[in-house]
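A.B. asks: Structure provided below as structure tokens; questions to follow.
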Amino acid sequence: MTAGSRPVTLSFPNQSRSFDEARNRIRFWGYDSAIEISFFVEADALHKLVPDMGDAETGYLKAFDDSRERIHEIAEKVYMRGHGNAHSLAAADF
């Protein structure tokens with residue numbers, strides 16, 4: 001709950017995601033009302049979700065797409081622990 005006892009609910013209407021090759025992670029976005037929140041799924045988290053995903057961009061993106069619902073659930077939990085405009089999801093979060 002935030003100030004004023006309003007429950008925080010993230011939405012993920014934007015299905016876009018992108019591969020950050022320099023950092024080996026996937027970036028995606030969620031929204032708390034009109035506020036855009038950036039999330040990053042680290043390689044270790046993706047490998048935990050899909051161990052045989054491979055290390056190429058297509059493997060990362062497919063692993064994300066195949067695990068999207070679970071990733072969104074964890075993103076909401078991570079966001080609830082500490083509001084901010086950017087959050088990383090690591091293997092320990094899953």
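A.B. asks: Which count do you get for residues in the stretch 69-94 that are surrounded by fewer than 16 Cβ atoms within 10 Å (Cβ to Cβ) and either on the phi > 0 side of the Ramachandran plot or assigned to a loop (DSSP other than H, G, I, E, B) (or both)?
C.D. replies: Count: 4.
A.B. asks: Something else: Tally up the residues in the stretch 7-31 that are within 12 Å of E57 (Cα to Cα), under 12 Å from the mean Cα position of the chain (by Cα) and small (G, A, S), please.
C.D. replies: 1
A.B. asks: Could you list, in sequence order, all residues of the stretch 64-85 that are under 10 Å from the mean Cα position of the chain (by Cα) and of a type in the set (A, V, I, L, M)?
C.D. replies: Listed by number, the residues that qualify are I71, I74, A75, V78.
A.B. asks: Could you list, in sequence order, all residues of the stretch 59-68 that are aliphatic (A, V, I, L, M) and either in contact with a strand residue (DSSP E or B) (Cβ under 7 Å, 6 or more places away or on another chain) or part of a strand (DSSP E or B) (or both)? First the steps, then the outcome.
C.D. replies: First, the residues of the stretch 59-68 that are aliphatic (A, V, I, L, M): 61, 63.
Of everything in the stretch 59-68, just one residue is aliphatic (A, V, I, L, M) and either in contact with a strand residue (DSSP E or B) (Cβ under 7 Å, 6 or more places away or on another chain) or part of a strand (DSSP E or B) (or both), namely L61.
Any read-out appearing in this document is the output of simple, stated calculations on the displayed coordinates, not a laboratory observation. Keep in mind that what you see is a predicted model, and the values were worked out from it rather than measured. Note: ideal-geometry Cβ built from the backbone for every residue, glycine included; neighbour counts use all protein chains shown.
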